[in-house]
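What follows draws every value from the coordinates through simple rules; no lab data is involved. No experiment lies behind these values; they were computed from the predicted model shown. Ideal geometry is used to build each Cβ from the backbone, glycine not excepted, and the neighbour counts take in all protein chains shown.
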Amino acid sequence: MKAMLDLLPVGIGVAVVAAVTWFLLDRNIGLGKWVLAALLLAHGWVHLMFVFPIPEAAPATAGGLAYPFDMGRSWLIANVGFEVALVRGLGIVVMIVTFAGFSLAALATVGWVVPAGWWAGLVLGSAATSTLLLLLFFSPALLVGFAINAALWWLVAASVWMPVAARPGLGAG
């Protein structure tokens with residue numbers, strides 16, 4: 001329960017950003033797709049933190065939570081007994097796929113280079129690999145990432161928004 005309370009300010013911030021993004025997208029304000037693209041790219045970038053060493057000065061976050069981006073802390077190592085190198089290798093592959101997927105989804109969101117028709121698959125696939133990575137290296141501090149992935153799945157599954165060029169019967173826009 002303490003972990004949830006410690007994450008409350010971050011969760012509120014994420015909810016506010018999501019609400020503003022949804023407001024822009026729902027009203028078809030052009031800035032909305034750019035904000036969503038930036039958020040997709042940022043969400044992908046955060047996953048790259050798993051490859052960096054744990055900062056010496058921050059063994060725990062300000063709320064007392066352990067540094068969450070630690071590939072050496074996986075339950076596959078501690079509870080199942082898998083080799084650290086194997087788990088780290090798997091984590092790096094999943095991390096790269098997640099980052100690449102969210103980067104491509106961001107480009108599809110704004111219609112640059114990547115076809116808008118790929119958008120839904122890229123968002124769903126990237127959220128799925130993100131969730132896999134978060135499950136492999138679970139930490140209570142990563143709960144916000146699970147919530148972001150759930151929101152992205154909802155955005156696609158509910159068909160509440162998609163790039164204009166990906167909408168049936170509409171051209172590029």
A chain fully extended from V160 to F146 at 0.36 nm per residue, minus the present Cα-Cα distance, gains in nm 3.0 nm
V93 and A38 label points (each 7 Å along its Cα→Cβ direction) are spaced in nm at 3.6 nm
Per the helix-only model, the chain has a calculated mean residue ellipticity at 222 nm (DSSP H runs of ≥4, -39500 (n - 2.57) each, divided over all residues, rounded to the nearest 500) of -20500 deg cm²/dmol
A correct fewest-to-most ranking of F23, F50, F138 by other Cβ atoms within 10 Å would be F23, F138, F50
Within segment 145-159, the residues whose backbone N lies under 18 Å from a label point placed 7 Å from the Cα of R73 along the Cα-to-Cβ direction are 145-147
Rounded to one decimal in nm, the spacing of the 7 Å Cα→Cβ label points at A85 and I12 is 4.8 nm
